[in-house]
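A short worksheet on the structure shown next.
The values are calculated or read from the model by the stated rules, or taken from the named source; none is laboratory data. Just so you know, these numbers come straight off a predicted model, no measurement behind them. Here the Cβ positions follow ideal geometry from the backbone for every residue, glycine too, while neighbour counts run over all protein chains shown. Note: accessible area is taken over every heavy atom of the protein model, side chains too, but ligands, DNA and RNA are not part of it. Shrake-Rupley method; radii C 1.70, N 1.55, O 1.52, S 1.80 Å.
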Amino acid sequence: MANYQKIIILGQCGKDAEVRNFPNGGGVLNMSLATSENWQKDGEWQSKTTWHNVKVFGKSVDYLAPKCVKGASVLVEGILNVDEYEKDGVKKYNTFIKANSVKVVS
């Protein structure tokens with residue numbers, strides 16, 4: 001049986017993207033994107049904002065860093081990923097989107 005996943009979101013950066021460089025020369029760009037959902041209930045408009053953590057690896061990190069600033073609209077395609085770690089004897093989980101493609105559309 002084959003498995004497949006793909007996440008596509010279009011959202012706004014909540015703050016300027018942060019870049020962390022690795023000793024081997026690579027790096028990761030971390031950004032937080034907000035998506036909103038609106039609906040009507042009993043004649044009143046409701047709204048919900050969801051925050052998504054996104055990580056970008058590879059050559060595009062330096063290109064994207066100055067473009068992924070607070071308020072920028074960004075289209076991300078990638079996969080859902082979960083890092084597991086232990087802190088103070090308690091298992092913690094960090095869920096994020098590992099981006100395969102990022103386009104700044106604003």
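Structural remarks
- Qualifying residue in the stretch 39-53 (condition: under 15 Å from residue 102 (Cβ atoms) and not hydrophobic (A, V, I, L, M, F, W, C)): yes
- Failed item, numbered, when residue 5 is tested on (1) touching a residue at least 60 places away in the same chain (Cβ under 8 Å); (2) in a strand (DSSP E or B); (3) not β-branched (Val, Ile, Thr): (2)
- Members of the stretch 59-81 that are over 15 Å from the mean Cα position of the chain (by Cα) and in a loop (DSSP other than H, G, I, E, B): 59, 66
- In the condition set (1) outside any strand (DSSP E or B); (2) farther than 18 Å from residue 32 by Cβ; (3) without any contact (Cβ under 8 Å) to a residue 24 or more places away in the chain, residue 84 is compliant with all but (1).
- For residue 18: the one exception among (1) within 21 Å of residue 100 (Cβ to Cβ); (2) surrounded by 13 or more Cβ atoms within 10 Å (Cβ to Cβ); (3) among the acidic types (Asp, Glu): (2)
- Number of the exception - residue 28 against (1) open to solvent by less than 50 Å² (accessible area, probe 1.4 Å); (2) outside any loop (DSSP other than H, G, I, E, B); (3) in contact with a Leu (Cβ under 9 Å, 6 or more places away or on another chain); (4) hydrophobic (A, V, I, L, M, F, W, C): (3)
- In the stretch 87-97, the qualifying residues are those that are in a strand (DSSP E or B) and charged (D, E, K, R), and the one that is least open to solvent (accessible area, probe 1.4 Å) is 92.
- Residue selected from the stretch 39-62 under the condition in contact with a Phe, Trp or Tyr (Cβ under 7 Å, 6 or more places away or on another chain) and of a type outside the set (A, V, I, L, M, F, W, C), by the criterion least open to solvent (accessible area, probe 1.4 Å): 55
- For the stretch 98-106, the condition of being assigned to a strand (DSSP E or B), touching a residue at least 12 places away in the same chain (Cβ under 8 Å), under 16 Å from residue 7 (Cα atoms) and of a type in the set (Lys, Arg) holds for at least one residue.
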